[in-house]
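Visitor: Quick one: this structure, given as structure tokens, is what I'll be asking you about.
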Amino acid sequence: MSTVLQPVAASRSFGLSLRQTRAMAWRSTKETFRQPALVGPSMIFPIFFAALGASSFSRATSLPGFPKVESFLQFSLAATVVQGVLFGSVTGAAALATDIQNGFFDRLLLAPTSRTGILIGRLAGSAIFGAVQAAAFIAVLWPFGATIKSSFGGALVMVLSGGIVALAIGSLMSAVAIKTASAEAVQGTFPLLFILLFFSSAFFPRETMSGLYRNIADVNPISYLVEGMRELVLVGFSTSAMAKAIFIPTAICVVAILIALRQLRVRLASR
Amino acid sequence: MTNSPSNSPILAENLTRHFGEVKAVDGIDMQVNAGEIFGFLGPNGAGKSTAVRMLTTLLRPTAGRAIVAGFDVATHPDEVRRRIGVALQDAAIDPLMTGSELLQLQAVLYGIPSSQTKSRTAELLERVGLTAAGDRRVGTYSGGMRRRLDLALSLIHQPTVLFLDEPTTGLDPMSRLTLWEEVRRLNREGTTVLLTTQYLEEADQLADRIAIIDKGKIVREGKPQDLKAEVGFPTLIVNVQKDHQDAARSVLLQFGELRPTAEGTLGVGLRDGAQVVTDVVRKLDEAHVHLIHLEINEPSLDDVFADATGHRLEGDKS
């Protein structure tokens, strides 16, 4: 109890900002995995839905317009990944809202750190969780028939894509978290995500749809996120598959991060 | 220990913060000298925390200015942040992380080199007596342990100015004494401390100087003993039967001015000192006032507060 501390000079540099962002991401990831009650449902329910779909819709694969697949499970792998990542992203954003609610965010703001780094660190944690989810879904479903045509390379791209999708959705949800400072409000967006997922090509190809449902699926960004990964699973590597799996989520991600950062600036400016 | 305004660790001029129509802090002026413990005393909602949030760069002032550790909080917030330590009210600490992990995160946020992070963490855990609990999640800590960890977090970068916002609220007496001792030790080592409190005893015991804040304004400022001396007379508090209160009030007024006291009691500042108590009792008896209880108090900070605001701090505490 008699230690004398040595003073430390702090300065803001790119290297330090990177280290701070990494530390925030590390904290966010640890915090997520230390809450089994939150992690469990976002891992188990998508697998449950995949198993339910595989057992209930196996004959749907012979419908006109349905792509050539080995099994319905193979078709639904991409949807399982996106579904899990969407739900996981809500968890990360709700944790950010809790940080704001309970004052931990103020502790971070009291440090001489980049405000952007604080947010990006939290979002990076969501991305890591999303990538882990994607890897877990692939590892669990592949042995049961969800074969990936583009093999391990494709699986790696899917994992990367899962991380980017998590970052994109996590950023949008974080904007809600920053705006409302309410974990309940963030959790309240869950039904909206579920509706978006339901009105997309996640569970059935767009070619088998008609009317309003088809029109919504055509403009629903979730359709494109799922289809990029699905092409990697069903067809193999192609420019189109890579564009859909990586570039489309990246573009959405950039816009979403800008929205979240703007929301943060607005919040800080209003203090 | 008096500083010129230019080298005061904390200097506020007309510091003001409004939330809509509410004047949370209403033009306060204050100067904290290097190496002193300065207490901000006031009830809930008086404006203490808002003032601290402005001084620590978390809130922008609506008007006025504040210089902390030599830098303007509005124009050089990062320079201020590098030099101050802050333990906010309610010890907002992530319950899912361990004490060690939070200290290491804090070290990174303050730019402490990786090579020093572990040793600094160990030093601080030892300093606040949490070495054994360092690898436990904070969610398992008691209130006192959380406060000590909060203090350790605020010290990670060896700040020259330390802000403690109600550091002992909700703590048991033993934890409170432990924290007081740590604050005194930090102060002896040269750290300037500004603490807010709603506890009279805490302000009296710890602070070299105090400012009493009420409804956003500083209503008294000075050394506790000087402020108490200004109030002067001891307070006689009597508890009488309800239907004898008017008669008792008439008697008490002969010995001094009535003072605000807890409901159901009457208080008078004895202008001729405590030696007239027997006279008061005799007069009350002659007036056929049935006395239930009587006590005499030397001037306290609560008397100072009551003298300045017209109401008592202790009666306001939730």
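Visitor: For A:Phe105, are the conditions met, namely being touching an Asp or Glu at 6+ places or on another chain (Cβ under 7 Å), at the interface with chain B (Cβ under 10 Å from one of its Cβ atoms) and either open to solvent by 10 Å² or more (accessible area, probe 1.4 Å) or modelled with pLDDT of 90 or more (or both)? Steps first, please.
Guide: Numbers: touching an Asp or Glu at 6+ places or on another chain (Cβ under 7 Å): yes; at the interface with chain B (Cβ under 10 Å from one of its Cβ atoms): yes; either open to solvent by 10 Å² or more (accessible area, probe 1.4 Å) or modelled with pLDDT of 90 or more (or both): yes.
It is true that A:Phe105 is touching an Asp or Glu at 6+ places or on another chain (Cβ under 7 Å), at the interface with chain B (Cβ under 10 Å from one of its Cβ atoms) and either open to solvent by 10 Å² or more (accessible area, probe 1.4 Å) or modelled with pLDDT of 90 or more (or both).
Visitor: How many residues does the range A:185-209 hold that are part of a helix (DSSP H, G or I) and open to solvent by 60 Å² or more (accessible area, probe 1.4 Å)? Steps first, please.
Guide: Initially, the range A:185-209 is screened for residues part of a helix (DSSP H, G or I), giving A:185-187, A:190-198, A:206-208.
Those still in the list that are open to solvent by 60 Å² or more (accessible area, probe 1.4 Å) too: A:187, A:190-192, A:194-196, A:198, A:207.
The qualifying residues number 9.
Visitor: Still on this structure, please answer the following. Is it fair to say B:Ala69 is surrounded by fewer than 23 Cβ atoms within 10 Å (Cβ to Cβ) and either within 14 Å of chain A (Cβ to nearest Cβ) or more than 22 Å from B:Arg185 (Cα to Cα) (or both)?
Guide: Working: surrounded by fewer than 23 Cβ atoms within 10 Å (Cβ to Cβ): yes; either within 14 Å of chain A (Cβ to nearest Cβ) or more than 22 Å from B:Arg185 (Cα to Cα) (or both): yes.
Here the answer is yes, as B:Ala69 does meet what is asked.
Visitor: In the range A:210-245, how many residues are more than 25 Å from A:Phe45 (Cα to Cα) and surrounded by fewer than 19 Cβ atoms within 10 Å (Cβ to Cβ)?
Guide: 15
Visitor: How about the range A:229-249: which of its residues are in a helix (DSSP H, G or I) and either within 15 Å of the chain's Cα centre (by Cα) or free of Cβ contacts under 8 Å to residues at least 40 places away in the same chain (or both)? Spell out the reasoning first.
Guide: Let us first name the residues in the range A:229-249 that are in a helix (DSSP H, G or I), namely A:229-234, A:239-249.
The answer is A:Met229, A:Glu231, A:Thr239, A:Ser240, A:Ala243, A:Lys244, A:Ala245, A:Ile246, A:Phe247, A:Ile248, A:Pro249.
Visitor: Same structure, new question: Which condition number in (1) within 11 Å of another protein chain (Cβ to nearest Cβ); (2) free of Cβ contacts under 8 Å to residues at least 60 places away in the same chain is the one that B:Gly99 fails?
Guide: Condition not satisfied by B:Gly99: (1).
Visitor: What pairs come up if the first residue lies in the range B:51-62 and is more than 11 Å from B:Ala12 (Cα to Cα) and touching a residue at least 12 places away in the same chain (Cβ under 8 Å), the second is part of a helix (DSSP H, G or I) and open to solvent by 20 Å² or more (accessible area, probe 1.4 Å), and their beta carbons are under 7 Å apart, counting only those six or more places apart or on different chains?
Guide: These pairs meet every condition: B:Thr57/B:Pro77; B:Thr57/B:Arg81; B:Leu59/B:Thr50; B:Leu59/B:Arg53.
Visitor: Exactly one of these conditions fails for B:Asp214: (1) in contact with a Ser or Thr (Cβ under 6 Å, 6 or more places away or on another chain); (2) within 14 Å of chain A (Cβ to nearest Cβ). Give me its number.
Guide: B:Asp214 satisfies every listed condition except (2).
Visitor: Something else: Applying the selection to the range B:184-206, what residues are surrounded by fewer than 23 Cβ atoms within 10 Å (Cβ to Cβ) and either aliphatic (A, V, I, L, M) or farther than 20 Å from B:Ala46 by Cα (or both)?
Guide: B:Arg184, B:Arg185, B:Leu186, B:Asn187, B:Arg188, B:Glu189, B:Gly190, B:Thr191, B:Leu200, B:Gln205
Visitor: Find all pairs meeting these conditions: Cβ atoms under 6 angstrom apart; at least six residues apart or on different chains; first residue within the range B:106-125 and more than 9 Å from chain A (Cβ to nearest Cβ); second residue modelled with pLDDT of 90 or more and in a helix (DSSP H, G or I).
Guide: B:Thr117/B:Gln104; B:Thr117/B:Ala107; B:Thr121/B:Ser100; B:Thr121/B:Leu103; B:Thr121/B:Gln104
Visitor: Give me the pairs: first residue in the range A:11-38 and at the interface with another protein chain (Cβ under 7 Å from one of its Cβ atoms), second residue outside any helix (DSSP H, G or I) and among the β-branched types (Val, Ile, Thr), beta-carbon distance under 7 Å, and six or more apart or on different chains, which are they?
Guide: Listed pairs, sorted by first residue: A:Gln20/A:Thr113.
Visitor: Give me the pairs, please: first residue somewhere in the range A:109-133 and more than 18 Å from A:Thr29 (Cα to Cα) and open to solvent by 20 Å² or more (accessible area, probe 1.4 Å), second residue anywhere and assigned to a loop (DSSP other than H, G, I, E, B) and charged (D, E, K, R), beta-carbon distance under 7 Å, and either six or more positions apart or on two chains.
Guide: A:Ser114/A:Arg12
Visitor: Among the strands (runs of 3 or more DSSP E) lying completely within the range B:195-282, list those that include at least 3 residues that are of a type in the set (D, E, K, R). So that I can check it myself, show each step before the final result.
Guide: Working: elements: B:209-214, B:217-222, B:235-240, B:266-269.
Of the strands (runs of 3 or more DSSP E) lying wholly inside the range B:195-282, those with at least 3 residues that are of a type in the set (D, E, K, R) span B:217-222.
The rows are residues; the columns are (1) facing chain B (nearest Cβ under 10 Å); (2) touching a Ser or Thr at 6+ places or on another chain (Cβ under 9 Å).
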site	(1), (2)
A:Gly40	no, no
A:Ser55	no, no
A:Glu70	no, yes
A:Asp99	yes, no
A:Thr113	yes, yes
A:Gly130	no, yes
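The values are calculated or read from the model by the stated rules, or taken from the named source; none is laboratory data. Keep in mind that this is a model prediction, so the values were computed, not measured. FYI the Cβ positions are ideal-geometry reconstructions off the backbone, even for glycines, and counts take in every protein chain you see. Ligands, DNA and RNA are excluded from the accessible area calculation, which covers all protein heavy atoms including side chains. Shrake-Rupley method; radii C 1.70, N 1.55, O 1.52, S 1.80 Å.
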